Amino acid sequence: MKRADLQDMLLLAALWGGAFLFMRIAVPSFGPIALAFVRVAGAAVVLLPLLLLRGQGPALRRHWRPLLVLGLTNSALPFLCFGYAALTLPAGLGAIFNAATPLSAAIIAWAWLGAPLTRWRCLGLALGFAGVLGLAAVKSGLQTGALDMRSALAIAACLLGTLLYGHAASFSRRYLHGVPTMAMACGSQIAAAAWLALPAALSWPAQTPGALAWALAIALAVLCSGLAYVLYFRLLSNTGPTKAASVTFLVPVFATVWGALVLGEAVTWPMLIGGVVIIGGTALVLGLWPRAVAAAPASAAT
């Protein structure tokens, strides 16, 4: 990987890790629905001029139906899920659960698109889901028999978000193949804003959010969605899907560091162990471990 690509990856991981911190602070003021709307609407405002400068506007008109679905499953609903989880879970823990997204994507691609599952990928799936279940059990109190319902619902929301991301990956592969990536990024944000506009209006907070909450919401839109999409698709173009997907491993690290430094969130041994297990399993699923690459070069990324 070239130095410029590595810089893009580190910046992207820092931005997406920061998104969990920003949600954690801003969501109590906005609520999950209003915050998700501000995020996708702001991202659409950032991305639309870039799309038009590239002359890719007609792609939005030709593919508006699948883009509506992509906006719902890749942005609107997942942002709601992780925003709801941020009301309860530490930023680092939410990012660790988000790191399981490639596991969900691999399962859905296998069931829907017939993507092959080698023994190494199956082992990776087993490890990854074991890490998720272990973290869920510890956080929700299942290991002590005292179920914390709020934590259980927050964890369920995170896992639903990863399933939605996994569905979006296979959906875009099947119905948006060949569509310019910037058109998918921008179109999905416009569609997500359309889906969320009415629910956000109905659930808009009675008390106007403060300056800090608004600043973080705008940062989510401009930095963690708008700029992050530009970085991600540039990374995808320069390095390929497997290396680009490895940014998933760095996001929990940055989210945990931001949460510890800014909010004083505790970093526990279960979080560290569960995170390592999930990331190790995801590395196998993506084919990033050398033996897995050798065993399955044709299906290294989902």
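Every number in this text was worked out from the coordinates using simple rules, so none of it is lab data. Keep in mind that this is a model prediction, so the values were computed, not measured. Please note: Cβ atoms are built from the backbone with ideal geometry, for glycine as well, and neighbour counts cover all protein chains shown.
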Quiz item: So how much slack lies between Arg3 and Ala130, counting 0.36 nm per residue of separation and subtracting their Cα-Cα distance, in nm?
Solution: 42.2 nm
Self-check item: ³J(HN,Hα), Karplus 6.51/-1.76/1.60, whole Hz, each residue of segment 266-274, x for Gly, Pro
Solution: 6, 9, 9, 4, x, 5, 5, 5, x
Practice problem: Would you mind getting me the FRET efficiency between Val230 and Ala197? Use the beta-carbon distance for r and R0 = 25 Å, nearest 0.05. | Solution: 0.55
Quiz item: What does the charge count near Met9 come to, summing +1 for each Lys or Arg and -1 for each Asp or Glu among other residues with Cβ under 14 Å from its Cβ?
Solution: +2
Quiz item: Could you put Ile278, Ile107, Ile25 in order, starting from the residue whose Cβ has the fewest other Cβ atoms within 10 Å?
Solution: Ile25, Ile107, Ile278
Exercise. Place a label point 7 angstrom from the Cα of Val267 along the Cα-to-Cβ direction, then list the residues of segment 85-119 whose backbone nitrogen is under 16 Å away.
Key: 90-97
Quiz item: Within a Cβ distance under 13 Å of Ala183, other residues only, what is the Lys/Arg minus Asp/Glu net charge?
Solution: +3
Quiz item: Modelled label-to-label distance, Tyr175 and Val222, 7 Å Cα→beta-carbon offset: nm?
Solution: 3.4 nm
Practice problem: In debye, nearest 20, what is the charge dipole magnitude of the chain about its Cα centre with +1 on Lys and Arg Cβ and -1 on Asp and Glu Cβ, if you could check? | Solution: 720 debye
